[in-house]
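I have placed the structure first, in the form of structure tokens, so that the comments after it can refer back to it.
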Amino acid sequence: MGERTKKIKTVIRRQNSRRKATLRALKWRRDKFNRRLREQVNDLMIVRHLPKFLKPKKRSQTQEQPKSEYVRGLLLGKSIGLGYVPVSFTFGLVAVQMGFDPWVAVFISLTNLASAGQFAGIRMIAGGAPAIELAMTTLVVNIRYFLMSLSLTQKIDSKLPTYKRCIMAFGVTDEIFALAAMEKEDVSFPFFGGLMTCPIVGWTLGTVLGAFAAELMPPLVQACMGIALYCMFIAIIVPPSRSNKKIFYSIVIASAFRAYSNMCLASIRYHKTAVVGHSLSQLLPQQLSAPHSSRPKR
Amino acid sequence: MSLFTFSTAGLMLAVMALTTYTIRVTPMAIFHRKLENRWFKDFMFYIPFCVLAAMTFPDVIYSTKSLTSGIVATVVALIMSWRKRDLLTVAIGAVAAAVLVEYLKIVMF
């Protein structure tokens, strides 16, 4: 082992390091090329098919991507809010016709946010019923919200503080609950807040419009507005029943049972009993049909 | 002019609002834990469909001026919703159908 071998070793080491450097440079170049190619292909594949105003600008693309939960809820609740307008419009019309102050009608809409309960309530007030009777009727007609609220507790984070739950509880209506129940994951507080914003605004706005512009509508259209509420129910329950047969059967059973109980109760004259029977018939079918229809098929 | 204002019906309005809110908030405030019963979960899944169906189906036919327009509008709504249209589209379509039927009845008879 002389100096010669040492020299040879250093030369080999240098050569190796040079080789590694060139290899690294080559790899870097190859990766860069691949990246650019991929970008170009992506641009060709996706961007080419988008209309002009949707084409992403390369810098801002990353900033626009994350959509907040609130905005997602807001967009989803938009159509409910619009759908509520004709219904609360009808409520405004009816309330003013029954002798309510327009602002009282708006106040009822804002504080109650319940279609059937509100209609029953103004009927009771107009009929001069005592407060306890009004409370009982409201309770019976709105008891489904108890079940919906209970169902929704299963879909929210168990650590959510109580004050947030109290805010969320205000927005439990048929349609909002239906959309929240269709969510695959847990319902977050901002999402639900967004979901209930548009319906509350739409419901109040519709009442304002109905109460103040009652005389501007042609009577023919006024008479037909009542069906809008039911059509919204249909639009909510029918599409999921296409893919899920159990939902379809439970809808059929529930409506058949309701129609049957309607026939039996038609002879009862007292409106109080009719209201109780009506709400009971709303309660009964779900208890009868849900366990039956959710039995697994084999 | 109006019979019921804030001064005459204020108590009733408060009773109505409080009852409705209490119904909603009670389960939310009490049940913090998730229930793991499968039957219960199943039951909760089918509740909205059953309640909404029971509220809708006999009543929808009688909700317009006459039975004919009610049935026509219901059929229109069913077909439109089966084709997965938006809530508002279905509502407008059905109301339009009902108005059209009522109008035709006036024109023809």
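Read the figures in this text as sums done on the coordinates, not as results from a lab. All of these numbers come straight from a predicted model, not from anything done at the bench. Reconstructed Cβ throughout: ideal geometry from the backbone, glycine too, with neighbour counts over all protein chains shown.
What fraction of the Cα pairs in region B:42-108, stated in percent, has a spacing above 15 angstrom? Counting pairs separated by more than 15 Å, the tail of P(r) holds 58 percent. Taking 7 Å steps out from each Cα toward its Cβ at B:Leu100 and B:Ile30 produces label points 4.9 nm apart.
Once the dipole of region B:42-108 is set up with Lys and Arg at +1 and Asp and Glu at -1 on Cβ about the Cα centre, which of B:Ile61, B:Leu100, B:Val90 lies farthest towards its positive end? Positive-most Cα among the choices belongs to B:Leu100.
A Förster radius of 25 Å, combined with the Cβ-Cβ distance separating A:Arg123 from A:Met217, puts the computed FRET efficiency at roughly 0.70. Which residues in region A:110-143 place their backbone N less than 19 Å from a point set 7 Å from the Cα of B:Leu11 along the Cα-to-Cβ direction? The answer is A:121-139, whose backbone nitrogens lie closer than 19 Å to the label point.
The trypsin sites (Lys or Arg not before Pro) of region A:183-260 that meet both conditions, a loop assignment by DSSP and at most 12 other Cβ atoms within 10 Å of the site Cβ, are A:Lys184. Fewest-first ordering of A:Thr197, A:Thr90 by other beta carbons within 10 Å of each residue's beta carbon gives A:Thr197, A:Thr90.
Taking the square roots of 5 times each eigenvalue of the Cα gyration tensor of region A:139-218, largest first, gives ellipsoid semi-axes of 29, 14, 11 Å. Have a look at A:Ala129, A:Phe189, A:Val94 and report the one farthest towards the positive end of the charge dipole of region A:70-238, computed about the Cα centre with Cβ charges (Lys/Arg +1, Asp/Glu -1). Selected residue: A:Phe189. Grab the Cα-Cα distance for A:Arg13 and A:Ala259, subtract it from 0.36 nm times how many residues apart they are, and report the gain in nm with one decimal. Extra length available between A:Arg13 and A:Ala259 comes to 79.3 nm. Modelled spin labels at B:Trp82 and A:Glu133, positioned 7 Å past Cα toward Cβ, are 4.5 nm from each other. Once the C-beta distance of A:Arg242 and A:Arg4 is scaled by a Förster radius of 56 Å, the resulting FRET efficiency is 0.05 to the nearest 0.05.
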